[in-house]
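Only one structure is covered here, and it is reproduced in the block below.
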Amino acid sequence: MSYFSFYKSENAELVYIRNTAFVFEEHTHSRNYVISKILNGTVVLHKEGYSQCLSKNGIFTICPDERHSVASECKAEMISLCINKDIIYNSSQNEYESFINRIFSGFPVGMDESFKAVVLRIHSSFHGCCKDNGLFQPLRERLDTVPERNFSIDLLAKEIFISKYYFIRSFKKAVGLTPHKYQIQNRIRKSQRLLSEGNSIAEIAYSVGFYDQSHFEKCFKRIVGITPSEYKLSLGNFLQDK
């Protein structure tokens, strides 16, 4: 059996990949910290500046805006816990531990003490942090909120009196992706939320800014690893974190 399973809540998402090869091309997670554990097989992680091959029981962490790709050439099994960065930045240690305990008690596969220790350590390492992308924060907020809208890079660059090309390079340095790639990624993230609400794929493609459903499906698979139809089928129970 080969499948992806997604378990969602307001502040967390659990992704369980079992008995399949997969490719997640270069992307970022703008809102989440992601902690992943390899349960079987071998996975190659490419992060900014280095590559790493991880086998069974290997664990890696991705911070918000950290550009990366993940792939397995052969069948593998991996679990990834995505945690809203606001929970880490703003909750107390006790609140965070209770939040994590509820998630771990509700999904036992791969949730051992070594994985839990890394997840808990994220809070102590990053609590109180709040990355602000400065000059680009207003644009970023627009791309987060309404990614379906078209934005002119030329006009945005003129607003802050810099060239288009310097704007693109500087945005990528601050956020991890170019403005165009960041917008496409956010369109796909928004489409995931809409798919979980039962909307049709054609309607969603148009509503998030794609005029061609095949282009939408291609972008979706590149970022999520499976097609929109497969994603709808893979949605599991609501993750119990409250």
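The values are calculated or read from the model by the stated rules, or taken from the named source; none is laboratory data. What you see is a predicted model; the values in this text were computed from it and never measured. All Cβ positions, even for glycine, are placed from backbone atoms using ideal geometry, and neighbour counts span all protein chains on display.
Considering (1) within 18 Å of Ala12 (Cα to Cα); (2) of a type in the set (Val, Ile, Thr); (3) modelled with pLDDT under 85, the lone condition that Ile160 does not fulfil carries the number (1). Scan segment 24-32 and tell me whether some residue there is of a type in the set (Ser, Thr, Tyr), part of a strand (DSSP E or B) and either modelled with pLDDT of 90 or more or closer than 30 Å to Ser98 by Cα (or both). No - not one qualifying residue is present in segment 24-32.
Each row is one residue, and each column tells you yes or no for (1) surrounded by 13 or more Cβ atoms within 10 Å (Cβ to Cβ); (2) assigned to a helix (DSSP H, G or I).
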site	(1), (2)
Leu155	no, yes
Phe161	no, no
Phe167	yes, yes
Phe171	yes, yes
Gln183	yes, yes
Glu217	yes, yes
Ile223	yes, yes
Ile226	yes, no
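The conditions of being among the small types (Gly, Ala, Ser), modelled with pLDDT of 95 or more and either in a loop (DSSP other than H, G, I, E, B) or outside the structural domain of Thr20 (by TED's automatic domain parsing) (or both) are not met by Gly198. Here Ile184 fulfils each of the conditions (1) farther than 20 Å from His68 by Cβ; (2) among the aliphatic types (A, V, I, L, M); (3) within 14 Å of the chain's Cα centre (by Cα) apart from (1).
The residue of segment 93-109 that is nearest to the chain's Cα centre (by Cα), among those that are of a type in the set (S, T, N, Q) and under 14 Å from Ser124 (Cβ atoms), is Gln93. Taking the conditions (1) touching a residue at least 40 places away in the same chain (Cβ under 8 Å); (2) under 30 Å from Lys158 (Cα atoms); (3) not charged (D, E, K, R) in turn, Ile122 satisfies each one other than (2). What number of residues within segment 105-117 are more than 18 Å from Ile17 (Cβ to Cβ) and surrounded by fewer than 17 Cβ atoms within 10 Å (Cβ to Cβ)? Of the residues in that region, 5 qualify.
Here is a check on your reading of the model: is Glu148 touching a helix residue (DSSP H, G or I) at 6+ places or on another chain (Cβ under 7 Å), modelled with pLDDT of 90 or more, surrounded by fewer than 18 Cβ atoms within 10 Å (Cβ to Cβ) and not in a helix (DSSP H, G or I)? If you could, list the steps in order and put the result at the bottom.
Values: touching a helix residue (DSSP H, G or I) at 6+ places or on another chain (Cβ under 7 Å): yes; modelled with pLDDT of 90 or more: yes; surrounded by fewer than 18 Cβ atoms within 10 Å (Cβ to Cβ): yes; not in a helix (DSSP H, G or I): yes.
Yes; evaluated as a whole, the condition is true for this residue.
Listed by first and then second residue, the pairs with beta-carbon distance under 7 Å, at least 6 apart or on different chains, first residue in segment 87-114 and farther than 20 Å from Ser36 by Cβ, second modelled with pLDDT of 90 or more and assigned to a helix (DSSP H, G or I), are Ser91/Phe99; Glu97/Leu120.
Please identify the pairs in which a residue from segment 153-177 that is free of Cβ contacts under 8 Å to residues at least 12 places away in the same chain has its Cβ atom under 9 Å from the Cβ atom of a residue that is surrounded by fewer than 16 Cβ atoms within 10 Å (Cβ to Cβ) and of a type in the set (Asp, Glu), counting only partners at least 6 apart or on another chain. Taking only residues 6 or more apart or on different chains, the pairs are Lys164/Asp154.
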